[in-house]
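Okay, so here's the structure we're looking at.
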Amino acid sequence: MSGSFVGFEGVVGDDWIDFNGHMNVNWYDRVFDAAESRLFDAFGVDEGYITRTRHGMFRVEKAIRYERELLLGDRIRVTGRIAAFDGRGVRHMHELVNIGTGIRAATATYASLHVDLSRRKVAVVSDPEVLAALRTLAAAHGAEDVFRTRR
């Protein structure tokens, strides 16, 4: 993915392998979740932000497509990018690649909403630093609707 963000790098470990001799689907989830967290950290929606603002991101959709097996010892990388940002919601996509072969093993697509935790309602991202970081990343990733903010 052009202009993408590296959210995870590692090696498929012994405890990641299932009875079929390949990486278990639970580990695909863990690797993608780690990459998602790093992407959110990159635009400032981290534990400090949540504590300070009482706002956070709720995942409302996730789809994983498994394309290739990963085996013990395979070196892997997850890259991600923001596909769309409309002021309240973020669509982001991630690719899991076997570094040794260069072949994509899986993809994950997400939809997340910015939520006011005190009201439990979707809210516009209004923190200037987070908004600027989100827009910068979204623009670098070629996202749609980068500057359209619904009120």
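The values are calculated or read from the model by the stated rules, or taken from the named source; none is laboratory data. All values derive from a computational prediction rather than experimental measurement. Cβ sites come from the backbone with ideal geometry, for glycine too, and all protein chains shown count toward neighbours. SASA here: full protein model, heavy atoms, side chains in, ligands and nucleic acids out. Shrake-Rupley method; radii C 1.70, N 1.55, O 1.52, S 1.80 Å.
When the chain is fully extended, how far beyond the present Cα-Cα distance does Ala34 get from Arg88, taking 0.36 nm per residue of separation?
Details: separation 54, 0.36 × 54 = 19.44 nm, distance 2.19 nm.
Here the segment from Ala34 to Arg88 would lengthen by 17.2 nm.
Among the trypsin sites (Lys or Arg not before Pro) in segment 76-119, which ones are in a DSSP loop with at most 12 other Cβ atoms within 10 Å of the Cβ? Mind listing them? Could the numbers behind the result be given before it?
On the way: sites: Arg77, Arg81, Arg88, Arg91, Arg104, Arg119; in loops: Arg88, Arg119.
Answer by residue number: Arg119.
Of all accessible surface on segment 6-121 at a 1.4 Å probe, what whole percent is carbon and sulfur?
Values: 2870 of 5970 Å².
Heavy-atom surface of segment 6-121 belonging to carbon and sulfur, 1.4 Å probe: 48 percent.
How much length, in nm to one decimal, is gained on full extension between Val25 and Glu61, taken as 0.36 nm per residue of separation minus their Cα-Cα distance? Write out the running numbers ahead of the final one.
Working: separation 36, 0.36 × 36 = 12.96 nm, distance 1.75 nm.
Between Val25 and Glu61, full extension yields an extra 11.2 nm.
Using just the helices of the chain, give the 222 nm mean residue ellipticity in deg cm²/dmol: DSSP H runs with n ≥ 4 each add -39,500 (n - 2.57), and the total is spread over all residues, rounded to 500. Provide the component values of the computation, followed by the final result.
Working: 3 runs with 38 residues, N = 151.
Only helices count here, giving -8000 deg cm²/dmol.
Which distance in Å, rounded to a whole number, links the C-alpha centroids of segment 3-43 and segment 89-139?
Cα centroid to Cα centroid, the span is 16 Å.
Could you give the length gained by full extension between Thr109 and Ala133, i.e. 0.36 nm per residue of separation minus their alpha carbon distance, to one decimal place? Don't skip to the answer; put the middle values down first.
Details: separation 24, 0.36 × 24 = 8.64 nm, distance 2.06 nm.
The Thr109-Ala133 span can extend by a further 6.6 nm.
What does the accessible area per residue of the chain come to in Å², with a 1.4 Å probe and no ligands, DNA or RNA counted? Show your work: numbers first, answer last.
Details: 8100 Å² over 151 residues.
Value for the chain: 54 Å² per residue.
What FRET efficiency would be calculated for the residue pair Arg52, Thr101, taking the C-beta separation as r and a Förster radius of 35 Å, to the nearest 0.05?
Numbers: r = 43 Å, r/R0 = 1.23.
The formula returns an efficiency of 0.25 here.
Go through Gly80, Ile103, His114 and say which Cα lies farthest out towards the positive end of the charge dipole of segment 80-122; charges sit on Cβ, +1 for Lys and Arg, -1 for Asp and Glu.
Ranked along the dipole, the leading option is His114.
Compute the helix-to-body angle for 128-140: its Cα long axis versus the longest principal axis of the chain, expressed 0 to 90° and rounded to tens.
Roughly 50 degrees, rounded to the nearest 10.
At a probe size of 1.4 Å, how large is the accessible area of Ile17, to the nearest 10 Å²?
Near enough 50 Å² of accessible area.
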